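Colleague: Okay, handing you the structure first.
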Amino acid sequence: MRPGPAGVDLAVLVGGAAATLLFAYVSVRTGATISVGAIAVIALFIVAVIGFLVYPQIAVAATVVLFPLVPALKVLVWAQIGPVKDLIVLAAIVAAVILYVFDRRRPDNWVLLLVGLLLTLYVINVGSGHNLAWAQGVRLVGEPLMLLLVGLILPDPRRTFRYAMWALVGICCFVAAYGLFQQLVGEWTLVGWGYSFSEQVRTAYGHLRSFGTLDEPFDYAGLLAFGAAAVFLWLRRGPAAWGAGSLILLGLGASLVRTSILYLVGLVALVLWRWGNAATALLVAATTLIAGGLVLANTSGTEAHTYAVSSAGGGTSGGSANLILNGRVSAWEAAVGSNPVDWVLGRGVGQVGTAAQRATYTLTQSGESAPTQSQAVDSGYLATVADVGIVGLVVLLALFARLLALGGSAVQGGSSAAWVALGFLVVMLISATTGASFTSFPNAFLGMLLVGVALAAAREEVGTSSASEPPGIS
């Protein structure tokens, strides 16, 4: 199903809307009860599926803009808007399945295999059973991985990539400006608007940590790092690039997140590599790797957000007291435990970390139950070890290695989109040292989707470049 003439596209849209109205009419005539909200949800889902099929550039750009706004909308507008993101993700997956089956669009075979293997480890869950925390863990890992495949499969990738980049730069400028505005109004004004000291509002060194439209400063810094990658590696130098870059960097500084320095160092290494300074780029990249390793292994403390969560087992002997981790020794203990078997296959999906926390929520976070003693890990690598062990971590690292290899190969072929894909991957790999960035919203969701779109665009760019070259003389 490739994008067709405007008349065909319009017919598809009208057909989807007509199907929704027909469903509502039949439900009413047969006496079934259906709310206006349910009709709206069905209509949104159908329109989203059609959008990803027919107008992927608009659907992806809209997703890039919507996802970073959802956390702020939950606080300022409607607390129950959160599931909209899952509806959009499901629509994108359905569209990708349709394209895979009927249009025979295929992602890279190795990427598909590694994603399938990692999801299988999470579904089987050797370390523990299949409860609500397990379901949350599978969802948090599965949705970003599926969005990676969606990005690789969607049609018209080069146009979709361009639209996505403009949307990303625009929304990052808005989020950065809002983060700077938060510095002006102060934490008490933000709490008066509905934000919470226990959730979004935090301070460091006696100053507010800006969080923009996100839930925490670390997600805010990660999103702006994506925007910086787009500006440094895609946007042409000029007034727009200088203005957007300056605003994003100022917003990044207002987060007071020290990992931001590693983001910038990693992106500078890519820029130097692109400019032909390979030796300097290698030195900068090695410095980044060493610094990231030291952060991950540091036993004296960390800047990463830590939190209390409910025990996956429904209670512990420790009663209802909260356990807050604030050091890499505790984080390593939470991840690997004391049983060597757990190091290989993991302690179980949802036993430790974000999924265990999410399992306590009702429809909105405000409805969560009182937490009992448990453990949390704020490192994407350690969280993976806790869920599916070293085996799962090896598969995850192999997946990122394959994505980096695809990007590097496309760079050698002259692709500009591949540089952006490498930039996103660098940001995600660095972010995972101090945060559960492989499952975070919106960064993991947008990061994986945009990496897929960028690599698909790079593949098309390299193919077009090769096809346009004159045949060689044997």
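Colleague: For the pair I390 and R104, how long in nm is the line joining their label points, each one 7 Å along Cα→Cβ?
Modeller: 4.4
Colleague: Can I ask one more? Taking the Cβ of each residue in W419, W110 as the centre, tally the other Cβ atoms inside 10 Å and list the residues starting with the fewest. Write out the running numbers ahead of the final one.
Modeller: Working: W419 21, W110 15.
Ascending number of Cβ neighbours within 10 Å: W110, W419.
Colleague: Give me Rg/Rg_expected for segment 79-122, where Rg uses Cα atoms only and Rg_expected = 2.2 N^0.38 Å with N residues. Walk me through the intermediate numbers first.
Modeller: Numbers: Rg = 13.6 Å, N = 44, 2.2 N^0.38 = 9.3 Å.
Normalised Rg, Cα atoms only: 1.47.
Colleague: Subtract the Cα-Cα distance of L113 and W78 from 0.36 nm times their separation in residues, and report this length gain in nm to one decimal.
Modeller: Values: separation 35, 0.36 × 35 = 12.60 nm, distance 3.91 nm.
Gain on stretching L113 to W78: 8.7 nm.
Colleague: Net charge within 15 Å of A421 by Cβ-Cβ distance, Lys/Arg positive one each and Asp/Glu negative one each, not counting A421 itself?
Modeller: Its environment carries a net charge of +2.
Colleague: For F181 and A204 in the same chain, what is the full-extension length gain: residue separation times 0.36 nm, less their Cα-Cα distance, in nm?
Modeller: Values: separation 23, 0.36 × 23 = 8.28 nm, distance 1.73 nm.
Once the chain is fully extended between F181 and A204, it gains 6.5 nm.
Colleague: Could I have the simple spin-label model distance between V268 and R162, label points 7 Å from Cα toward Cβ, reported in nm to one decimal?
Modeller: Output for this residue pair reads 3.3 nm.
Colleague: When Rg is the radius of gyration of the Cα atoms in segment 108-207 and Rh is its Kirkwood radius, what does Rg/Rh come to?
Modeller: Numbers: Rg = 20.2 Å, Rh = 17.8 Å.
A ratio of 1.14.
Computed from the coordinates by the stated procedures, all read-outs in this text should not be read as laboratory data. Note that the structure is a prediction, hence the values are computed from the model and not measured. Note that we place each Cβ from the backbone using ideal geometry, even for glycine, and neighbour counts take in every protein chain shown.
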